[in-house]
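Note sheet for the following structure.
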Amino acid sequence: LNRRLAEFGTTIFAEMSALAVRTGAINLGQGFPDTDGPEQVREAAVRALRDGRGNQYPPGPGVPELRTAIAAHQERRYGLAFDPDREVLVTAGATEAIAASLLALVEPGDEVIALEPYYDSYAASIALAGGTRVPVTLRPGGGRFSLDLDELRAAVTPRTRLLLLNTPHNPTGTVLTREELAEIAKLAVERDLLVVTDEVYEHLVFDEGGHVPLVSFPGMRERTVTIGSAGKTFSFTGWKVGWITATPELVTAVRSAKQFLTFVSSGPFQYAVAEALALPDAYFTSFLDDMRAKRDLLASGLTAAGFEVYRPAGTYFITTDVRPLGESDGLAFCRALPERAGVVAIPNAVFYDHRDQGAPFVRFAFCKQTPVLEEAVSRLKSL
Ligand code: PMP
Ligand code: GLN
């Protein structure tokens, strides 16, 4: 294994899901739903397969039906106009979108600022691109993990090329406020930075007002790559359909990298996701309401079990602090939890450069059926 990748080992998600399978524990670790998405979307995939749509290499930028649907979705939800032919690129999940964006836009030695804790593929993708990762730590306090804008400003140097953002934020559940986004946008414009913003949880914002895309702020349209994914919104994580929206120049750049990573992907599923994006608002509302109820169930259960809970404003994850349970090392806690309580969770420390900052935090996913969450809570109460 080369030096760029050696530090990363096996992802925590693979390790913890394997532990869940080996021990038979309830898996609240890796973030995938235990119920598939809408039947009509699955049927759309079957139809595409049967009708021979997408069974051979689809077009490099993605099938026109899906690109049109992505642009229509951005227009309908946010009033944002993207040209489906020049400003949309379909990728093999958000994961490829992240990797291809960094490979395309970062020169070796460039600094890339990422919010810490960061989704693990960010660190690896920055490393593959030869970039230097500059983490800015989200600080716990007042029931949420917050971005210190002064720390963010201080992290920008003449070598900074790109801000890699994520809102709603995995694993903390933080949703950057309109004011925070405005300040970030101002900074990006002032320092002439590119921004890659991972908004895969855009449909999982629980508070009034919903998701606000960073690209909607002044000066951002020309410097922002926005990433989305069907896996999160439609509960088909195995399909690996993601996308970016950006200017023609940025899309062309990212596509240059993408063409040598996968070339194309997910043929028939692209047609199905095109139909999914056009589902009526009622689908998105009921998905959100369902997840909100699950968040409330798991948050109060974890509180009753003795965890300190950071109630998430978005995503389907809850970050907790295990110190009230007399624990200090979240990684050791998660490795022992299947034996102790029959539950799997994710230690946030692996998403930090400053591991000490993340040590006591543990993440639980609530994209699971209600009885599964209830059983997990009852097990955790016996800790
Ligand atoms: N970004 C974030 C913040 C995620 O949580 C995930 C996945 N769970 C991804 C990207 C990857 O998405 P995909 O499965 O579409 O590759
Ligand atoms: N994004 C999901 C999570 O954060 C899982 C992704 C993965 O397994 N790589 O849990």
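Given the criterion under 14 Å from the mean Cα position of the chain (by Cα) and in contact (Cβ under 8 Å) with a residue 40 or more places away in the chain, identify the matching residue among 167, 157, 91. First the steps, then the outcome.
Values: 157 fails: under 14 Å from the mean Cα position of the chain (by Cα); 91 fails: under 14 Å from the mean Cα position of the chain (by Cα).
None of the others qualify; the one that does is 167.
Residues checked against (1) among the hydrophobic types (A, V, I, L, M, F, W, C); (2) in the same structural domain as residue 228 (by TED's automatic domain parsing); (3) over 30 Å from residue 235 (Cβ atoms); (4) touching a strand residue (DSSP E or B) at 6+ places or on another chain (Cβ under 7 Å):
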{"residue": "91", "(1), (2), (3), (4)": "no, yes, no, yes"}
{"residue": "94", "(1), (2), (3), (4)": "yes, yes, no, yes"}
{"residue": "100", "(1), (2), (3), (4)": "yes, yes, no, yes"}
{"residue": "141", "(1), (2), (3), (4)": "no, yes, yes, no"}
{"residue": "145", "(1), (2), (3), (4)": "yes, yes, no, yes"}
{"residue": "165", "(1), (2), (3), (4)": "yes, yes, no, yes"}
{"residue": "170", "(1), (2), (3), (4)": "no, yes, no, yes"}
{"residue": "185", "(1), (2), (3), (4)": "yes, yes, yes, no"}
{"residue": "192", "(1), (2), (3), (4)": "no, yes, yes, no"}
Problem - Condition met for residue 32 (within 16 Å of ligand 2 (Cβ to nearest atom) and under 21 Å from residue 203 (Cα atoms)) - result: yes
Fill in the blank from the handout: Of the conditions (1) within 16 Å of ligand 2 (Cβ to nearest atom); (2) free of Cβ contacts under 8 Å to residues at least 12 places away in the same chain, the single one that residue 6 does not satisfy is (1)
Exercise for the section: Spot the failing condition for residue 119; the list is (1) within 16 Å of ligand 1 (Cβ to nearest atom); (2) under 17 Å from residue 276 (Cα atoms); (3) of a type in the set (Ser, Thr, Tyr), and only one is missed. Expected result: (2)
Practice task
List the number of the failed condition for residue 174; all other conditions in (1) within 18 Å of the chain's Cα centre (by Cα); (2) surrounded by fewer than 24 Cβ atoms within 10 Å (Cβ to Cβ); (3) of a type in the set (Ser, Thr, Tyr) hold.
Solution key: (2)
Problem - Options 67, 53; residue that is modelled with pLDDT of 95 or more and in a helix (DSSP H, G or I) - result: 67
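Enumerate the strands (runs of 3 or more DSSP E) found wholly within segment 91-208, keeping only those where 1 or more residues are within 16 Å of ligand 2 (Cβ to nearest atom) and farther than 16 Å from residue 352 by Cα. Don't jump to the end; show me each part of the working.
Details: elements: 111-116, 132-137, 139-141, 144-146, 160-166, 194-198.
It comes to 194-198.
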Completion exercise
Exactly one of 179, 199, 151, 222 is farther than 15 Å from residue 113 by Cα, free of Cβ contacts under 8 Å to residues at least 24 places away in the same chain and not assigned by TED's automatic domain parsing to the domain that holds residue 309, and that one is 179
Exercise for the section: Inspect all residues belonging to segment 205-217 and state whether any of them is more than 11 Å from ligand 1 (Cβ to nearest atom), touching a strand residue (DSSP E or B) at 6+ places or on another chain (Cβ under 7 Å), among the hydrophobic types (A, V, I, L, M, F, W, C) and without any contact (Cβ under 8 Å) to a residue 40 or more places away in the chain. Expected result: no
Exercise for the section: Answer with yes or no whether residue 290 is without any contact (Cβ under 8 Å) to a residue 24 or more places away in the chain and under 30 Å from residue 86 (Cβ atoms). Expected result: no
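Applying the selection to segment 37-50, what residues are assigned to a loop (DSSP other than H, G, I, E, B) and either within 16 Å of ligand 2 (Cβ to nearest atom) or without any contact (Cβ under 8 Å) to a residue 12 or more places away in the chain (or both)? First the steps, then the outcome.
Here is the first cut: in segment 37-50, the residues assigned to a loop (DSSP other than H, G, I, E, B) are 37-38.
37, the sole residue that qualifies.
The values are calculated or read from the model by the stated rules, or taken from the named source; none is laboratory data. Because the structure is a prediction, the values reported are computed rather than measured. Please note: Cβ atoms are built from the backbone with ideal geometry, for glycine as well, and neighbour counts cover all protein chains shown.
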